[in-house]
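One structure below.
The values are calculated or read from the model by the stated rules, or taken from the named source; none is laboratory data. Since we're looking at a predicted model, the values are computed, not measured. Neighbour counts are summed over all protein chains in view; Cβ atoms, including those assigned to glycine, are modelled from backbone coordinates with ideal geometry.
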Amino acid sequence: MLLKNKKILITGLANKYSIASGIAAAMHREGAELAFTYQNERLLKNLEPLAKEYGSEILIECDVSKDDSIEKSFEELRKRWNTFDGFVHSIGFAPADQLTGNFVDVTTREGFKVAHDISSYSFTALAKASKPMLNDSSALLTLTYLGAIQTMPNYNVMGLAKASLEANTRFLAASMGADNVRVNAISAGPIKTLAASGVKNFRKMLSQHSSRAPLGRTVTIEEVGNVAAFLCSDYASGITGEITYVDAGFNTAAMPLVEFSDS
Ligand code: NAD
Ligand code: 0WE
């Protein structure tokens, strides 16, 4: 039981395919008490039965694009938990028109602003709102992607927003280390979730991933969940400001072995 006596807030659970769902399952299995936030009423319907499965009755609306929504959600959380031990930030968004086509042609000031606001600033905002309620040995966790450090077609301004999120992880770690709060990120390989479902050629990307990754496959939300549980547990007490790759090794291989399978 990695997370016995830990209270952890989970954001970004839209449905059972969400990475946040794999994280919640692992954390519940490891003994954590969980609370959840949801973006809007429409997503509450999906969340209710899943939260029940994970033993939680704490469901709070939080739209991270609005300061007053964040403020209200933490007032609501305070009524249930006086203090807690960390949160998982599993939120990312850019307007759909930003994620298709040539980067320099499609990127707009508004698209850039929204992507950075929702996908990076919100991590700082949630850390700021949590700070007064965080116990000693708390852990914050976010989800990033390889597009932060390497280019690829269509990921476009989300890559810039993830680069910002990774720097955010390091600056929050430096900022909150004195309170013994750790801050880390998992860089996950591509997974077919709601956020990925609108993406052009996503299936081709998954098969590309499998053929280049050392493990010869993609990763699951359960595998991301297990690493998330570890990073938020006291077994990871010496790890902060770190980006941990859960991608079947994809980022470590410049050239796929399969092309030279005769050698
Ligand atoms: P998902 O669609 O299941 O989750 C995205 C979540 O973001 C949703 O729950 C949505 O409600 C939430 N969200 C968006 N705008 C919001 C707002 N204004 N306020 C509150 N919540 C908001 O998809 P996912 O793939 O599980 O994404 C979770 C995280 O993992 C994202 O940060 C994503 O960038 C990252 N990630 C995904 C992959 C992948 O291939 N699926 C890979 C690496 C990293
Ligand atoms: O971070 C992500 C998902 C990001 C995302 C996806 C959408 C689709 C729907 C952010 N905003 C939106 N907005 C929408 O309107 N991933 C890592 C998954 C992903 O998304 C891609 C990818 C991969 C991988 C987009 C283009 C290319 C590759």
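Please verify whether residue 118 is more than 20 Å from residue 24 (Cα to Cα), within 16 Å of ligand 2 (Cβ to nearest atom) and not in a loop (DSSP other than H, G, I, E, B), treating the condition exactly as stated.
On the way: more than 20 Å from residue 24 (Cα to Cα): yes; within 16 Å of ligand 2 (Cβ to nearest atom): yes; not in a loop (DSSP other than H, G, I, E, B): yes.
Considered against the rule, which asks whether it is more than 20 Å from residue 24 (Cα to Cα), within 16 Å of ligand 2 (Cβ to nearest atom) and not in a loop (DSSP other than H, G, I, E, B), residue 118 comes out as yes.
On the basis of being more than 14 Å from ligand 2 (Cβ to nearest atom), out of contact with any Asp or Glu (no Cβ under 8 Å at 6 or more places or on another chain) and aromatic (Phe, Trp, Tyr), does residue 202 make the cut?
Details: more than 14 Å from ligand 2 (Cβ to nearest atom): no; out of contact with any Asp or Glu (no Cβ under 8 Å at 6 or more places or on another chain): yes; aromatic (Phe, Trp, Tyr): yes.
No: the conditions fail for residue 202.
Is there any pair with a first residue in segment 3-16 that is closer than 21 Å to residue 144 by Cβ and a second that is in a loop (DSSP other than H, G, I, E, B) and more than 10 Å from ligand 1 (Cβ to nearest atom) whose Cβ atoms are under 7 Å apart and which are 6 or more apart or on different chains, and what are they? That search, which allows pairs on different chains as well, returns 8/32; 8/232.
I need a count of the residues in segment 128-144 that are surrounded by fewer than 23 Cβ atoms within 10 Å (Cβ to Cβ) and either within 17 Å of residue 200 (Cα to Cα) or of a type in the set (A, V, I, L, M) (or both). Can you show your working first?
Quick first cut of segment 128-144, residues surrounded by fewer than 23 Cβ atoms within 10 Å (Cβ to Cβ) only: 128-137.
Right, trim to either within 17 Å of residue 200 (Cα to Cα) or of a type in the set (A, V, I, L, M) (or both) and you get 129, 133-134.
Residues in segment 128-144 being surrounded by fewer than 23 Cβ atoms within 10 Å (Cβ to Cβ) and either within 17 Å of residue 200 (Cα to Cα) or of a type in the set (A, V, I, L, M) (or both): 3 in total.
Residue-wise test of (1) among the hydroxyl-bearing types (Ser, Thr, Tyr); (2) more than 16 Å from ligand 2 (Cβ to nearest atom); (3) in contact with a Ser or Thr (Cβ under 9 Å, 6 or more places away or on another chain).
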{"site": "126", "(1), (2), (3)": "no, yes, yes"}
{"site": "130", "(1), (2), (3)": "yes, yes, yes"}
{"site": "146", "(1), (2), (3)": "no, no, yes"}
{"site": "159", "(1), (2), (3)": "no, no, yes"}
{"site": "169", "(1), (2), (3)": "yes, no, yes"}
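Can you name every residue in segment 180-201 that is of a type outside the set (D, E, K, R), farther than 18 Å from residue 147 by Cβ and crowded, with 22+ Cβ neighbours inside 10 Å? Passing the criteria: 181, 183, 184. Figure legend. Inter-residue proximity from segment 151-179: first residues surrounded by 19 or more Cβ atoms within 10 Å (Cβ to Cβ) and of a type in the set (Val, Ile, Thr), second residues part of a helix (DSSP H, G or I) and at pLDDT 95 or above, beta-carbon distance below 7 Å, spacing 6+ or different chains. Indicated pairs: 157/98; 157/111; 157/112; 157/115.
Which residues, taken from segment 94-134, are of a type in the set (A, V, I, L, M) and within 16 Å of ligand 1 (Cβ to nearest atom)?
Of everything in segment 94-134, those that are of a type in the set (A, V, I, L, M) and within 16 Å of ligand 1 (Cβ to nearest atom) turn out to be 94, 96, 99, 114, 115, 118, 125, 126, 127, 129.
With the structure loaded, tell me whether residue 43 is within 9 Å of ligand 1 (Cβ to nearest atom), within 18 Å of the chain's Cα centre (by Cα), modelled with pLDDT of 95 or more and among the aliphatic types (A, V, I, L, M) or whether it fails that test. Yes. Within the bounds of segment 60-67, is there any residue that is farther than 23 Å from residue 117 by Cβ, more than 16 Å from ligand 2 (Cβ to nearest atom) and either touching a Leu at 6+ places or on another chain (Cβ under 8 Å) or assigned to a loop (DSSP other than H, G, I, E, B) (or both)? No, that holds for no residue. Within segment 51-69, residues that are closer than 18 Å to residue 90 by Cα and modelled with pLDDT of 95 or more reach partners that are within 16 Å of ligand 2 (Cβ to nearest atom) and not in a loop (DSSP other than H, G, I, E, B) with beta carbons closer than 7 Å, at six or more positions or on different chains, in the pairs 64/118; 64/122; 65/117; 65/118.
Name the single residue, out of those in segment 14-54 being among the aromatic types (Phe, Trp, Tyr) and closer than 21 Å to residue 230 by Cβ, that is surrounded by the fewest Cβ atoms within 10 Å (Cβ to Cβ). Outline the logic, then answer.
Kept after step one, since they are among the aromatic types (Phe, Trp, Tyr), are these residues of segment 14-54: 17, 36, 38, 54.
Keeping just the survivors that are closer than 21 Å to residue 230 by Cβ gives 36, 54.
On the way: 36: 24, 54: 18.
Top of the filtered list is 54.
Do we have any residue at all in segment 238-252 that's over 30 Å from residue 174 (Cα atoms) and among the small types (Gly, Ala, Ser)? Looking through segment 238-252, none of the residues is over 30 Å from residue 174 (Cα atoms) and among the small types (Gly, Ala, Ser).
Against the list (1) assigned to a loop (DSSP other than H, G, I, E, B); (2) farther than 26 Å from residue 220 by Cα, the condition residue 2 fails is (2).
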